[in-house]
1. Output the number of the condition that residue 35 fails; it satisfies all remaining conditions of (1) crowded, with 17+ Cβ neighbours inside 10 Å; (2) within 21 Å of residue 96 (Cα to Cα).
2. Picking from 65, 88, which residue would you name as being exposed (fewer than 13 other Cβ atoms within 10 Å of the Cβ), within 14 Å of the ligand (Cβ to nearest atom) and either free of Cβ contacts under 8 Å to residues at least 40 places away in the same chain or assigned to a helix (DSSP H, G or I) (or both)?
3. Would you be able to tell me the number of residues in the stretch 22-53 that are part of a helix (DSSP H, G or I) and more than 8 Å from the ligand (Cβ to nearest atom)?
4. Given the residues 43, 15, which is the only one that is surrounded by fewer than 11 Cβ atoms within 10 Å (Cβ to Cβ) and out of contact with any strand residue (DSSP E or B) (no Cβ under 9 Å at 6 or more places or on another chain)?
5. Within the stretch 71-83, identify whether any single residue is near the ligand (Cβ under 9 Å from one of its atoms), closer than 17 Å to residue 18 by Cα and either part of a helix (DSSP H, G or I) or modelled with pLDDT under 95 (or both), and answer yes or no.
6. Does any residue of the stretch 96-106 turn out to be modelled with pLDDT of 95 or more, surrounded by fewer than 11 Cβ atoms within 10 Å (Cβ to Cβ) and not in a helix (DSSP H, G or I)?
7. Right, residue 117: assigned to a loop (DSSP other than H, G, I, E, B), within 9 Å of the ligand (Cβ to nearest atom) and either without any contact (Cβ under 8 Å) to a residue 24 or more places away in the chain or under 15 Å from the mean Cα position of the chain (by Cα) (or both) or not?
8. Scan the stretch 107-121 for residues that are at pLDDT 95 or above and surrounded by 13 or more Cβ atoms within 10 Å (Cβ to Cβ) and report the count.
Ligand code: HEM
């Protein structure tokens, strides 16, 4: 409703999102299964884009101006199980940064539909 704060404000805004994705990205880049996808992708660039996109999805003031998800991921041949490895890192980072389960799940629900633009079916 108009009177309730956005999820974005509730979690602490871009400061919290930057911390969450900073933690997640450090782990993702080291992962033995999915880390290789990110060779040559600057961490700071990916973090900025993920923060902006997620900010927009959870009611923040951002407008995502990065590349389209389908275009970005379609030639990578990402498998479904690899998608879930990435999601687990994002979830783990949210937990470590102190978000509640409810906040975690609300954010994951927003990210979930993007699955079909990232994996190779
Ligand atoms: C909900 C899941 C996902 C979201 C929200 C997401 C989001 C994004 C965003 C915002 C970018 C930056 C686009 C830009 O540069 O403007 C990106 C790039 C990228 N993503 Fe994802 N992604 C997801 C899943 C995955 C998965 C599962 C993988 C691999 C295991 C992956 C690998 C990559 C790579 C390698 C790039 C860099 C591509 C390039 O610069 O050429 N993504 N993603």
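The values are calculated or read from the model by the stated rules, or taken from the named source; none is laboratory data. Note that the structure is a prediction, hence the values are computed from the model and not measured. Positions of Cβ are generated from backbone atoms using ideal geometry, with glycine treated the same way; all protein chains shown enter the neighbour counts.
1. (1)
2. Details: 88 fails: exposed (fewer than 13 other Cβ atoms within 10 Å of the Cβ).
Within the list 65, 88, the selection yields 65.
3. Step one: list which residues in the stretch 22-53 are part of a helix (DSSP H, G or I), which gives 22-30, 35-38, 43-53.
Filter once more, keeping what is more than 8 Å from the ligand (Cβ to nearest atom): 22-27, 29-30, 35-36, 43-44, 47-48, 51.
Result for the stretch 22-53: 15.
4. It is 15.
5. There is no residue in the stretch 71-83 that is near the ligand (Cβ under 9 Å from one of its atoms), closer than 17 Å to residue 18 by Cα and either part of a helix (DSSP H, G or I) or modelled with pLDDT under 95 (or both).
6. From the stretch 96-106, those modelled with pLDDT of 95 or more are 96-106; that's our starting set.
Right, trim to surrounded by fewer than 11 Cβ atoms within 10 Å (Cβ to Cβ) and you get 101-102.
Imposing the further condition that a residue be not in a helix (DSSP H, G or I) reduces the set to none.
Within the stretch 96-106 (the criterion being modelled with pLDDT of 95 or more, surrounded by fewer than 11 Cβ atoms within 10 Å (Cβ to Cβ) and not in a helix (DSSP H, G or I)), the answer is no, since none of the residues qualifies.
7. On the way: assigned to a loop (DSSP other than H, G, I, E, B): no; within 9 Å of the ligand (Cβ to nearest atom): yes; either without any contact (Cβ under 8 Å) to a residue 24 or more places away in the chain or under 15 Å from the mean Cα position of the chain (by Cα) (or both): yes.
For residue 117, the condition - assigned to a loop (DSSP other than H, G, I, E, B), within 9 Å of the ligand (Cβ to nearest atom) and either without any contact (Cβ under 8 Å) to a residue 24 or more places away in the chain or under 15 Å from the mean Cα position of the chain (by Cα) (or both) - is not met.
8. 9
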